[in-house]
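The values are calculated or read from the model by the stated rules, or taken from the named source; none is laboratory data. Being a predicted model, the structure only gives us computed values, none of them experimental. Cβ coordinates were reconstructed from backbone atoms using ideal geometry, including for glycine residues, and neighbour counts include every protein chain displayed. Accessible surface areas use protein heavy atoms only, side chains included; no ligands, DNA or RNA. Shrake-Rupley method; radii C 1.70, N 1.55, O 1.52, S 1.80 Å.
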Amino acid sequence: QIAAADRICSEHGDYSRWQAILENLYQFKTGKIDFTLPAVQFGNKEQIKPAQQQQIQQHLLALHPWRKGPFTVHGIKVDSEWRSDWKWDRVAPHIASLKGRNVLDVGCGSGYHMWRMLGEGADKVVGIDPTQLFLIQFHAIKQFISKSSAPSENIHFLPMGIEDMQPLRAFDTVFSMGVLYHRKDPMAFLQQLKDQLRKGGELVLETLVVDGDENTVLMAGERYAQMRNVWFLPSTAALSVWLGRLGFENIRVVDINHTTLDEQRATPWMETQSLKDFLDPEDITRTIEGYPAPQRAVIVANKK
């Protein structure tokens, strides 16, 4: 499956350019890493010359748009569209310790949260995402770790979707953050998440929700906040019912939060439209289509 995904990636129109960038970045190694910082740190500017720092920045900028982050690479801040550290701060206090656990991150993007999971002591972190640019961004960051460094052996990106995975039932914790509402069949997706967990394992689900009771589910029209691939936005009560029907227990809603213009915004690392362009300019509590503005919840549950 990985070989097939690599072959598809090699057919992408930007593949040769991406490979040249990775090869140029490969010369800049660092022994100083810190996965516990909000801007995950690889090296510092004192380790390299100013001209080298400029080279690194140019190469990383060429891999835009950077959606998830931030990272700091040799003093360069990769200021991504999303302040993903804010989401992590909302999630981390409510989950089981990751120390010594095998972790799966479904829809991992460029891998920001994977590094934070490793920083929390996970034994192994596997991320899956079919988006080819995210795979390249992950390797652009990972290559800064010396090949002899243990963390590089504990974190892996597989360029595939969860529908491509067999039911491994092997992970202690499965994260799915920002994926559920993109699925046409949310129940099948939740079952796929469950199939990756060992008995008693923990699901950490972060998704868009709406206010309402256990019968409330919003199905947007052609677009929601200008996104075409948004399907079902349940209330937290409805989502809890779904999880219960599928055999999860100890279901708890641990956070509900409205996405702000400071958390998701355009930056030099992601220059196209962002959240402010997707909201009603006269009423930012509504999307430009008239739906409730993005509200996100974190639900934690265990597999029976």
- Message: Any residue that is touching a His at 6+ places or on another chain (Cβ under 9 Å), under 20 Å from SER80 (Cβ atoms) and modelled with pLDDT of 95 or more - is there at least one of those in the stretch 144-152?
- Response: no
- Message: Under 6 Å between Cβ atoms, which residue pairs at least 6 apart in sequence (or on different chains) link something in the stretch 47-75 that is closer than 18 Å to TYR112 by Cβ and open to solvent by 10 Å² or more (accessible area, probe 1.4 Å) with a partner that is outside any helix (DSSP H, G or I) and of a type in the set (D, E, K, R)?
- Response: ARG67/GLU81
- Message: Looking at (1) surrounded by fewer than 18 Cβ atoms within 10 Å (Cβ to Cβ); (2) assigned to a strand (DSSP E or B); (3) not β-branched (Val, Ile, Thr), which one does ASP277 not meet, given that it meets all the others?
- Response: (2)
- Message: Here's a check for you: in the stretch 257-304, which residue that is within 20 Å of ALA220 (Cα to Cα) and of a type in the set (Lys, Arg) is nearest to the chain's Cα centre (by Cα)?
- Response: ARG296
- Message: Being of a type outside the set (Ser, Thr, Tyr) and free of Cβ contacts under 8 Å to residues at least 40 places away in the same chain: is that true of PRO268 here?
- Response: no
- Message: Within the stretch 95-111, does at least one residue satisfy the condition of being in a helix (DSSP H, G or I) and either open to solvent by 10 Å² or more (accessible area, probe 1.4 Å) or at negative phi (or both)?
- Response: no
- If you go through the stretch 1-39, how many residues are of a type in the set (S, T, N, Q) and open to solvent by less than 70 Å² (accessible area, probe 1.4 Å)? 4
- Being open to solvent by less than 10 Å² (accessible area, probe 1.4 Å) and touching a residue at least 24 places away in the same chain (Cβ under 8 Å) narrows ILE299, ILE288, ILE251, ILE256 down to just ILE299
- Taking first residues from the stretch 166-177 that are open to solvent by 10 Å² or more (accessible area, probe 1.4 Å) and second residues anywhere that are part of a loop (DSSP other than H, G, I, E, B), the pairs with Cβ under 6 Å that are 6 or more apart or on different chains are LEU168/GLN196; PHE171/GLN196; ASP172/ARG101
